[in-house]
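The values are calculated or read from the model by the stated rules, or taken from the named source; none is laboratory data. Nothing here was measured: the structure is a model prediction, and the numbers come from that model. So basically every Cβ, Gly included, is an ideal-geometry build from the backbone, and we count neighbours across all protein chains shown.
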Amino acid sequence: MQHAERPGADGQADLVLRGGAVLALDDADTRGTAIAVRRGRVVELGDDASVERVIGSDTRVVDLAGRAVMPGINDSHLHACWLGAIWPTTFFGGGDPAQGAAEASVDPHTAGAAAPLLSSRAERRAAILRAGELIASLGITSYTEPGIGPGEDRGETGCFGQDVFDAYFELDAERALRARVNVLALFGVLDGPSRLEEFGDGLNRLVRETAHPERLRLAGVKIFGDGIPPMLQAWTRHDYPDGSHGGLLVEGADPADRERRLRAMIRLAHDAGLQVGVHATGDLTIDTVVDEVALAVARTPADLRHYVIHGDLATPAAVARLAEAGMGLNLQAGIAAATSGWLEGVLGAEVTRAAWPIAEALRAGVLSLSSDAPILAPDWRHGVAAADAWLGTPASDAERVARMGALLRAYTVAPARQDLAEGWKGTLAPGMVADLVVLERDPFDVSPAELPEVGIDLTVVDGDIVYERATAAIG
Ligand SMILES: [Zn+2]
């Protein structure tokens, strides 16, 4: 054999993981015991014997010893710059066992009231990198940064302005991002008002090209439809205790004008070929968004995967229409768990029981689960457990297994669809990118409630190991 053979030459794999459970999470529920990776792609998924032929002298071979491999997690709604600025603080607390409750329930909006949390490019870069380290340790290989733009340039946090975009561009050019990032541009204020004219101007000025769209991609635009139910802001047909019904955040002369302007924003973005993610919690806001998307798609067919974010009061009819319009529902089960008591306080038990329609959205095939970190901690294992609790006790062991599969797909396959990337990420198969996570146990052997106890041992993005648990003693 000749010396100085290049790594990966002659079909040698760069990385082989064998002797465990490899879960493709594809439609056929493919399972193997081994997987091989070469130049960022899966080249083999099968049994231990089938990967033998691609193991060469430069191949790193990991003995899984019964552990599980599955596609990397895609946290499809995660404010990484903000998360990196305030972690381990989160809005609802929890998630980092090392920190305990002392850090919990600090309001991140006011945590930097005296000065912005971040005030320079260097600080923003550092925050993004810090979040990147954290999420790599959680097996997250893709995320969507939902809402960056000029309306937040003088915002109180400094975590959502245009400069954050520039920080992402720099980090991508340096190949310093540890996960694939999709960005939604924001024209207006985070959780606040926006104006149609500014939105139109912003679309015209938007820089849409990135150097490596598979690593950093401008996905589309974020619109804040309404606020949240506990603040009596969600626009709903139900009566709040004071008899009010909330309303839209988009500025307008009256409710009808606000609705007209929200619809115009959706139309403008759709016609510009941009994906739209609308923060919408009230049933009337959700109905309006779905209705306008359906009209836009009927008029100008385009597969842009528009979606509703949060969807607290989405009705079964709205979920069905979402599916018909090719839309998604991006929901955070931990927010349901944390705020259902508040919702019950303002809209009653019956409305609360029907809220956060996880079961309907799963059945309709539209559900992506996400953390909205740092609202919640970015730990998808807790998200799966929270969704499971919201769904109630499964009727059988078969249902438990099916539910685990569906909830894991809501963190992998479904968000890949949101990213228009299901053809190359979100499942494991030869030809798909090597974005994967190694779990200490097969998740199908535990209940969703037990999943938070299952350790994360290894995270791989594009074939590169971006996290390895120190105590895991991997091959
Ligand atoms: Zn958010």
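A compact table of results
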{"read-out": "Filtered residues of the stretch 344-363 (kept if under 27 Å from residue 408 (Cβ atoms), surrounded by fewer than 18 Cβ atoms within 10 Å (Cβ to Cβ) and of a type in the set (Gly, Ala, Ser))", "value": "354, 359"}
{"read-out": "Considering residues of the stretch 169-219 that are in a helix (DSSP H, G or I) and touching a Gly at 6+ places or on another chain (Cβ under 9 Å) only, the residue surrounded by the fewest Cβ atoms within 10 Å (Cβ to Cβ)", "value": "198"}
{"read-out": "Residue match in the stretch 154-168 (condition: away from the ligand (no atom under 16 Å from the Cβ), of a type outside the set (D, E, K, R), touching a residue at least 24 places away in the same chain (Cβ under 8 Å) and part of a strand (DSSP E or B))", "value": "no"}
{"read-out": "Tally of residues being of a type in the set (S, T, N, Q) and away from the ligand (no atom under 16 Å from the Cβ) across the stretch 266-297", "value": "1"}
{"read-out": "Residue in the stretch 140-150 that is modelled with pLDDT under 90 and either on the phi < 0 side of the Ramachandran plot or in contact with an Asp or Glu (Cβ under 7 Å, 6 or more places away or on another chain) (or both) present", "value": "no"}
{"read-out": "Residue within the stretch 354-369 that is within 15 Å of the ligand (Cβ to nearest atom), touching a residue at least 40 places away in the same chain (Cβ under 8 Å) and of a type in the set (Asp, Glu) present", "value": "no"}
{"read-out": "Considering residues of the stretch 365-389 that are farther than 17 Å from residue 328 by Cβ and of a type in the set (A, V, I, L, M) only, the residue nearest to the chain's Cα centre (by Cα)", "value": "373"}
{"read-out": "Lone qualifier among 241, 193, 255 - being free of Cβ contacts under 8 Å to residues at least 24 places away in the same chain and in the same structural domain as residue 339 (by TED's automatic domain parsing)", "value": "255"}
{"read-out": "Filtered residue count, the stretch 190-200, keeping only those that are away from the ligand (no atom under 13 Å from the Cβ) and either in contact with a Leu (Cβ under 9 Å, 6 or more places away or on another chain) or at pLDDT below 95 (or both)", "value": "5"}
